[in-house]
Amino acid sequence: MATIIKGKALAKKIRENLKVECDKLKEEGIKPRLAVIMVGNNPASKVYVKSKSKACDEIGIEYEEHLLDETITQQELNDLIQKLNNKEEVNGILLQSPLPQHLDINQAFKAISYRKDVDGFTPSSVGKLVMGGDTFISCTPYGVMKMFEEYNIDLTGKEVVIIGRSNIVGKPLAQCCLANNATVTICHSRTKDLKTHTKRADILIAAIGKANFVTKDMVKEGAVVIDVGINRTEDGKLVGDVEFEKVEKIASYITPVPGGVGPMTIAMLMNNVIKASKEQSNKNSTF
Ligand code: NAP
């Protein structure tokens, strides 16, 4: 039976430590502040934005929300981003995805100052991640790496197989694993014979967005299984991409959904806001 990687508990510990750091910064007159931009009325986005504002509240990070009509133009969105780039009190800018189809999310990310890019999605942050510089690591991959650290899961020389190649999860996660000396394979919807790849993974990471997609026969005995997926079944239950009950029996470690990667993502976002505040208040920062 696998050890359950308790993301919720680890995230709580991280948030508590961040609160202490945030209190200290405030004593020095530094008030960490996150600005969130949301376009339109996507119900899932509303839930995510609410949990981010709650986490800020808990830690003592100031929070401002910019709710934009779904008819906003790219120029208007970019203008707002520019305004927030220039607003000294704002340390971190988060653009909630998805955006309505007429807007180009990459263009919007490009407009965010890399010094305030707490989601780690700008080309500068991604480039620095690839080249190995100090940067904001996007929150979900960062959260997964923290889980490995907490559970002493060493990636050196391990076969890591990631299913999913999105810019926000699969690709940055692959870079993080590579930086930790793993041998990384990224699979996607065009991968031939997916099972051949997943079956040889020492560490299997699912970031697909399809409920119970990874079945027991796709997993090597003793593998570490990280489930990034968040899916809602027809009866409203929240499940991951991995068939948890069956895979749990053969994996060495496994993350649950809910209570696994999800809470870690928010904790690492908070971590990045605190980091941004420190860097921006440090006159000698080379960040
Ligand atoms: P995405 O952009 O839709 O990417 C999904 C990836 O899965 C794509 O690369 C796609 O391949 C691949 N894929 C789809 N069907 C496949 C198949 N049959 N075989 C192999 N690969 C397949 O999604 P995302 O934004 O990365 O998110 C993935 C999941 O993680 C979602 O459930 C999302 O809600 C969740 N998520 C969770 C957190 C968290 O905090 N826990 C954060 C972010 C996302 P192609 O590239 O070829 O299309």
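In percent, how large is the relative contact order of the range 37-170, given Cα pairs closer than 8 Å and 6 or more residues apart? Write down the numbers at each step before the final one.
Working: 124 pairs, mean separation 24.9, N = 134.
Relative contact order, the range 37-170: 19 percent.
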>> Viscosity 0.890 mPa s, temperature 25 °C: what is the translational diffusion coefficient of the range 112-211 from Stokes-Einstein with a Kirkwood Rh over Cα pairs, rounded to a whole number of µm²/s?
In response: 175
>> Tell me the angle of helix 170-179 to the major Cα principal axis of the chain, expressed in degrees between 0 and 90 and rounded to the nearest ten.
In response: 80
>> Suppose each label sits 7 Å from its Cα in the direction of the beta carbon; what would the residue 3-residue 73 distance come out to in nanometres?
In response: 5.6
> If you line up the long axis of helix 261-281 against the longest principal axis of the chain, both from Cα atoms, how many degrees apart are they, to the nearest 10?
Replying inline: 30
>> Need the full-extension length gain, residue 194 to residue 28, defined as separation in residues times 0.36 nm minus the C-alpha distance. One decimal, nm.
In response: 54.5 nm
> How about residue 246: which aspartates and glutamates have a C-alpha closer than 14 Å to its C-alpha, ignoring those fewer than 8 places off in the same chain?
Replying inline: 217, 221, 227
>> Per q in 0.12, 0.16, 0.20 Å⁻¹, report the Debye log10 I(q)/I(0) for the range 50-202, using one uniform scatterer on each alpha carbon and no solvent.
In response: -0.63, -1.00, -1.28
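Hey, which of these cross-link pairs are over 24 Å Cα-Cα: 12/83; 116/146; 52/83; 46/278; 8/275? Could you put the intermediate results ahead of the total?
Numbers: 12/83 33 Å; 116/146 22 Å; 52/83 21 Å; 46/278 28 Å; 8/275 21 Å.
Long pairs (Cα-Cα over 24 Å): 12/83; 46/278.
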>> What do you get for the angle between helix 7-27 and the principal long axis of the chain? Use alpha-carbon atoms, 0 to 90 degrees, nearest ten.
In response: 20
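Past 27 Å, Cα to Cα: identify those pairs from 19/110; 6/249; 13/87, in the order given. Spell out each step's value before the answer.
Values: 19/110 30 Å; 6/249 17 Å; 13/87 31 Å.
Over 27 Å Cα-Cα: 19/110; 13/87.
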>> Whole-Hz ³J(HN,Hα) for each residue in the range 239-252, computed from phi via Karplus 6.51 cos²θ - 1.76 cosθ + 1.60 with θ = phi - 60°, x for glycine and proline: what do you get?
In response: 9, x, 8, 10, 6, 4, 4, 7, 5, 3, 6, 10, 7, 8
> the range 169-287: Rg/Rh from Cα coordinates, Kirkwood Rh?
Replying inline: 1.06
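I'd like the antiparallel share, as a percent to the nearest 5, of DSSP beta bridges with both residues in the chain. All intermediate terms of the calculation are to be shown ahead of the outcome.
Working: 2 of 31 bridges.
Antiparallel bridges: around 5 percent, rounded to the nearest 5.
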>> Let me test this: with uniform point scatterers at the alpha carbons of the range 11-51, what is the Debye-based log₁₀ I(q)/I(0) at q = 0.19, 0.27 1/Å?
In response: -0.74, -0.89
> Of the peptides 112-118, 43-49, how do they stack up when ordered by the mean number of other Cβ atoms within 10 Å, highest first?
Replying inline: 112-118, 43-49
>> Can you tell me which aspartates and glutamates have their Cα less than 18 Å from the Cα of residue 24? Leave out same-chain residues fewer than eight positions away.
In response: 16, 57, 58, 62, 89, 279
> Seen from all sides and averaged, what is the projected area of the convex hull of the Cα atoms in the range 244-283, in nm²?
Replying inline: 3.6
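Can you tell me the dipole magnitude for the chain around its Cα centre, using point charges on the Cβ only (Lys, Arg +1; Asp, Glu -1), in Debye to the nearest 20?
Working: 39 positive and 36 negative charges, 96 e Å.
Dipole about the Cα centre, nearest 20: 460 debye.
Based on the Cα atoms of the chain, what semi-axes does the equivalent ellipsoid have, where each is the square root of 5 times one gyration tensor eigenvalue, given in whole Å with the largest first? Intermediate results must be reported in sequence, preceding the final value.
Values: eigenvalues 204, 89, 67 Å².
The answer is 32, 21, 18 Å, longest axis first.
Explain nothing, just the number: relative contact order of the chain, from Cα pairs under 8 Å at least 6 residues apart, as a whole percent. Before the final figure, lay out the partial values.
Numbers: 559 pairs, mean separation 64.7, N = 287.
So the answer I get is 23 percent.
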> If contacts are Cα pairs under 8 angstrom and at least 6 residues apart, what is the relative contact order of the range 150-287 in percent?
Replying inline: 18
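Expressed as a whole percent, how much of the Cα-Cα distance distribution for the range 1-135 exceeds 25 Å? If you can, show how the numbers build up before the last one.
Numbers: 3106 of 9045 pairs.
So the portion of pairs separated by more than 25 Å is 34 percent.
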>> Could you tell me the center-to-center distance, by alpha carbons, between the range 10-82 and the range 202-262 in angstrom?
In response: 29
>> If you split all Cα-Cα distances of the range 116-173 into 10 Å bins from zero, what percentages do you get per bin, shortest first?
In response: 22, 51, 25, 1
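Going by average Cβ neighbours within 10 Å, how do the peptides 251-259, 269-277 rank, with the highest at the top? Mind dumping the intermediate values first?
Details: 251-259: 20.6, 269-277: 25.3.
Ranking the peptides 251-259, 269-277 by packing returns 269-277, 251-259.
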>> Mean-square fluctuation check for the chain, GNM, Cα pairs under 10 Å: which of 57, 193, 227 is largest?
In response: 193
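Ranking 63, 142 by Cβ neighbours within 10 Å, fewest first, what do you get?
Values: 63 19, 142 22.
The most exposed by this proxy come first: 63, 142.
Every number here is computed from the coordinates shown, using simple stated rules; none is lab data. Note that the structure is a prediction, hence the values are computed from the model and not measured. Here the Cβ is made from the backbone with ideal geometry for all residues, glycine too, and neighbour counts use every protein chain on show.
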